[in-house]
Amino acid sequence: MTAATPDQALPAGPSSLLQVPSVDAAPASQPTRWPHRHLLDLDTISGPEIELVLHTAEAMREVLARPIARVPALRGTGVTILFYEASTRTRVSFEVAAKNLTADVVNIAAASSSVSKGESLIDTIRTVEALGARMIVLRHSSSGAAQLAAEHFSGSILNGGDGWHAHPSQALLDLFTLRQRLPGGDLRGRKVVILGDVLHSRVARSNIWGLTAAGADLWLCGPATLLRGFEAWASASGSVPGHGRFQLTSDINQALKDADAIMALRLQRERMAGGLLPSTREYAARYGLDLARLALARPEALVMHPGPMNEGVEISPEVAAHPRSVITDQVTNGVAVRMALLYLLAGAIDG
Amino acid sequence: MTAATPDQALPAGPSSLLQVPSVDAAPASQPTRWPHRHLLDLDTISGPEIELVLHTAEAMREVLARPIARVPALRGTGVTILFYEASTRTRVSFEVAAKNLTADVVNIAAASSSVSKGESLIDTIRTVEALGARMIVLRHSSSGAAQLAAEHFSGSILNGGDGWHAHPSQALLDLFTLRQRLPGGDLRGRKVVILGDVLHSRVARSNIWGLTAAGADLWLCGPATLLRGFEAWASASGSVPGHGRFQLTSDINQALKDADAIMALRLQRERMAGGLLPSTREYAARYGLDLARLALARPEALVMHPGPMNEGVEISPEVAAHPRSVITDQVTNGVAVRMALLYLLAGAIDG
Amino acid sequence: MTAATPDQALPAGPSSLLQVPSVDAAPASQPTRWPHRHLLDLDTISGPEIELVLHTAEAMREVLARPIARVPALRGTGVTILFYEASTRTRVSFEVAAKNLTADVVNIAAASSSVSKGESLIDTIRTVEALGARMIVLRHSSSGAAQLAAEHFSGSILNGGDGWHAHPSQALLDLFTLRQRLPGGDLRGRKVVILGDVLHSRVARSNIWGLTAAGADLWLCGPATLLRGFEAWASASGSVPGHGRFQLTSDINQALKDADAIMALRLQRERMAGGLLPSTREYAARYGLDLARLALARPEALVMHPGPMNEGVEISPEVAAHPRSVITDQVTNGVAVRMALLYLLAGAIDG
């Protein structure tokens, strides 16, 4: 059973450079290898596979703690970061993760590239492949873009966010952070609240998959106009054995009461249209996470935010900087989780 | 005559790392070394020098096929990619090519740099040189920009496209692709058609030089308004011994009949002005390359496009994805050809 | 006293790789180590500390002269170049400097990042830190941004220009260039003129600190509207023993007479508002540095400009390209000075 350790799937370089925890510490259900060529969303990733990502990310955290946080696992692998939307943290997080694995990284930002000349996504994907990329991290404003790209690319697509649909690496880093910071490291039965603009949030959608799979008691809370369309999904949740269910509410007091963790979502002002909200001021007054509302949760409750924050809107500056805020942990864990994802997917191409 | 092999002009690193084909396989007419410091257009590059580029690009294709496609030929050489126009494929192609040669690459995109503050091109070139660049890949919207830059730079200028004037690395990769994919690998007497917006196309202009030098029977086809100004040049063609001639026509049936290769040009909608075309719809109907028109060419005729494509305008999606389309080959060959160019020009600086 | 050499504070790699001048050649007053974690402006940097920077930059010039200008001093150190304003030379200069020291460099340009979504500077700094940066080079349109960033970052902030306030690395490279090029290499008693738009110039403000500390006889010259607010500072200057004083004048003939060096400032047209100038044409006529005006200075007077230049406005093309122009020296020296700064600050974090 020693073949089950991730380090033995190491695509290049001596495995000893990547000191992953020994296989003896891994749960017995852990799969021997990662089977997926792409990462499009979490809905097709099994619980044991999620365990494998988080387990590998632990090893990557240890790499990050070294004076020179670099391993040669992806040496010679072309990784293109193709972003059709502005981003700092996700783009840089993947760039740092890929460089830490010694990949050859190319950045393409839509605004300064020929994609602004109207080239189709499929043609761009084919071109990027012909230029040598084996992995593409894609961010796009259209839901389904990552799936479409995957159908036309012989390497691996990592969805870095597609429209309102999915942001799986974010959900995985959230899961990693919750397990790291919650007492006992177990999400089963824990009350987790996703608060705010759920409607426009790919972060929320991917977290629904990840958090219910981990057995959390999940609540989505926001104005009714921003919870629209989630009712049927919520009703169907809880029917999978071992998975948690999720509930919707517009009553913030009910949602936050005795919560173990609260994830405030960015109010996507740039995606707002059609009068879904009266004003950001009223939104902040009714759904902003401030100290008074945080007091409704358990005393040790964690505060999370995927960033970038609108401080004073969905979260108050005091809560963002609160000792129980794990927002910067999310960012650092994001590098480790993305290193794990790049590493596992590269193994799936080569293996 | 062993001094004639390109690997012995290798600027840095052991020459054995760059396994170029042995000199014995090279034609007797091959020059002993590359004499040009700059690559501005093909009109001053001799036939044997073009052979040397294509020959070196063959060696670079072999490098690209390795698991780690990297040779230390340009270690320590500063290469700045200075683009005043949006681009994906050319910019990334040069970036990947330079990094594969272990150069130190800096990207400067005009929109996000001080060139937007009105600094002159000459001052920018001097600044880039003072910052350590030995080679500059320049794209600029003005014809003649590369020439001007070359007059004020002590290193090498590689023209990555200047206005409507020239795009020599594109013409060289087109030539490389044609020789690779045409039966027999010889262009002499082959009917090659450049179809579409010739007027605004630097790709067409550089290809006229390259394809006639290679002895092709070249046809330029498009609406009369988009062939304007080429008559005198066409009349003078064919007078150079061993070179092919080129002809103009607006009759697409005449152009495509029995063609060996068809290169569809991007309709430069962003450059269109002054009512040169009634509409893109009518343009597509009269000059778009679709399956019916492709059937006029020889059964094994190749389809090319420099990208980015307006699918449904100058080329139909079916033709772009046709088994005889070599459009993605062009992209991959582009990396090899640009590696060859960077390598040869670096030898010309140092030698 | 061997512990005083900068190479022994080398954060990583064998010190022999960085051949700094031997300590015996250093002035007795040179401090044993660099004490500052951040570089915000020159006003808190002592004279001996400035000497240490210039001394270290000399060693870096020697590194730059090598065929492969790279030393491993910052291997494994994350350097993020976070620019909220357009820039070529400063951004690329820091990028090349950091790469020459083998740092891991990430570029973030505000326009293509989430900072355009309204994230606060403090949150961005925290995020960049969580992503692994140990040093941030920051350019921002607000005066005080670097100070604010330093209060929320556990690594080193290098101010790459904040509003009208400060641009300390520019002032240090100016100082380095003057000492290198002035006969005798000593600024004491030398007449240096800063000419032009002083009001909007962070370059002028930082140079006032550096040049008076070096003992220069400094003159600021420009239209009265562009010298506003400097009177009290000028009056107070000269009271520090060993420091030079600076004077204001709108009389360009008085300013340039017998000058040893003239630094023309960029007319910050993009910062102009409120009718401070009648027109750029009149500005050029009254304060532009042309050959006739240059003739007022000493025959060997140096011409400087921080770039980018508006040729024909604050400086004529003939003066910019004059044999006594050291404008490209400034650019090259900028790389050496920034290598020195990154090196010294990294030692202050680790030490």
- Which condition number does A:Val128 fail, the rest of (1) more than 10 Å from every other protein chain (Cβ to nearest Cβ); (2) surrounded by 24 or more Cβ atoms within 10 Å (Cβ to Cβ); (3) closer than 26 Å to B:Ala65 by Cα being met? (1)
- Query: Within the bounds of segment C:86-95, is there any residue that is among the polar types (S, T, N, Q) and either modelled with pLDDT of 95 or more or under 16 Å from C:Leu341 (Cα atoms) (or both)?
  - Reply: yes
- Of all residues in segment A:239-278, which are without any contact (Cβ under 8 Å) to a residue 40 or more places away in the chain and within 23 Å of A:Trp164 (Cα to Cα)? A:Arg245, A:Phe246, A:Gln247, A:Leu248, A:Thr249, A:Ser250, A:Glu270, A:Ala273, A:Gly274, A:Gly275, A:Pro278
- Query: Hey, A:Ile122 hits all of (1) under 16 Å from the mean Cα position of the chain (by Cα); (2) over 26 Å from C:Thr102 (Cα atoms); (3) modelled with pLDDT under 95; (4) among the β-branched types (Val, Ile, Thr) but one; which does it fall short on?
  - Reply: (1)
- Task: From A:Asp123, A:Asp186, grab the single residue that is within 14 Å of another protein chain (Cβ to nearest Cβ), among the charged types (D, E, K, R) and farther than 24 Å from A:Leu267 by Cα.
- Result: A:Asp123
- Could you tell me which residue of segment A:312-332 is nearest to the chain's Cα centre (by Cα), considering only residues that are in contact (Cβ under 8 Å) with a residue 60 or more places away in the chain and more than 9 Å from chain C (Cβ to nearest Cβ)? A:Val326
- Report whether or not A:Glu49 is free of Cβ contacts under 8 Å to residues at least 24 places away in the same chain and either out of contact with any Pro (no Cβ under 6 Å at 6 or more places or on another chain) or more than 14 Å from chain B (Cβ to nearest Cβ) (or both). yes
- Task: Select from segment B:206-219 the residues that are open to solvent by 10 Å² or more (accessible area, probe 1.4 Å) and among the hydrophobic types (A, V, I, L, M, F, W, C) and list them in ascending order.
- Result: B:Trp209, B:Ala213, B:Ala214, B:Trp219
- Message: Go through (1) buried (at least 22 other Cβ atoms within 10 Å of the Cβ); (2) at pLDDT 95 or above; (3) within 18 Å of the chain's Cα centre (by Cα) for C:Gly222 and report which single condition fails.
- Response: (3)
- Item | Which numbered condition B:Pro168 fails, given (1) out of contact with any strand residue (DSSP E or B) (no Cβ under 6 Å at 6 or more places or on another chain); (2) over 14 Å from B:Gly244 (Cβ atoms); (3) not basic (Lys, Arg) | (1)
- Query: Inside segment A:179-200, can you point out the residues that are open to solvent by 10 Å² or more (accessible area, probe 1.4 Å) and within 16 Å of the chain's Cα centre (by Cα)?
  - Reply: A:Arg179, A:Gln180
- Task: Could you please let me know if B:Ala336 is within 14 Å of chain A (Cβ to nearest Cβ) and more than 24 Å from B:Leu218 (Cα to Cα)?
- Result: yes
- Flag if B:Glu270 is among the acidic types (Asp, Glu), at pLDDT below 95 and under 30 Å from B:Ile136 (Cα atoms): yes
- Qualifying positions in segment C:134-148 - crowded, with 16+ Cβ neighbours inside 10 Å, within 19 Å of the chain's Cα centre (by Cα) and not in a strand (DSSP E or B): C:Ala145, C:Ala146, C:Gln147
- Task: Please state which of the following conditions B:Gly229 fails to meet, knowing it meets all the rest: (1) on the phi > 0 side of the Ramachandran plot; (2) outside any loop (DSSP other than H, G, I, E, B); (3) among the small types (Gly, Ala, Ser).
- Result: (2)
- Could you list all residues from segment C:60-113 that are part of a loop (DSSP other than H, G, I, E, B), open to solvent by less than 50 Å² (accessible area, probe 1.4 Å) and at the interface with another protein chain (Cβ under 8 Å from one of its Cβ atoms)? C:Ala69, C:Gly76, C:Ala86, C:Ser87, C:Thr88, C:Ser113
- Query: If we scan segment C:165-178, do we find a residue that is open to solvent by 20 Å² or more (accessible area, probe 1.4 Å) and farther than 30 Å from A:Thr328 by Cβ?
  - Reply: no
- Output the residues belonging to segment B:127-155 that are within 18 Å of C:Thr328 (Cβ to Cβ) and polar (S, T, N, Q). B:Thr127, B:Ser154
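The values are calculated or read from the model by the stated rules, or taken from the named source; none is laboratory data. This one's a predicted model, so the numbers in the text were calculated from it and none came from an experiment. Note that each Cβ is placed from the backbone with ideal geometry, even for glycine, and that neighbours are counted across all protein chains shown. Quick note on the areas: whole protein, heavy atoms, side chains included, nothing else; ligands and nucleic acids left out. Shrake-Rupley method; radii C 1.70, N 1.55, O 1.52, S 1.80 Å.
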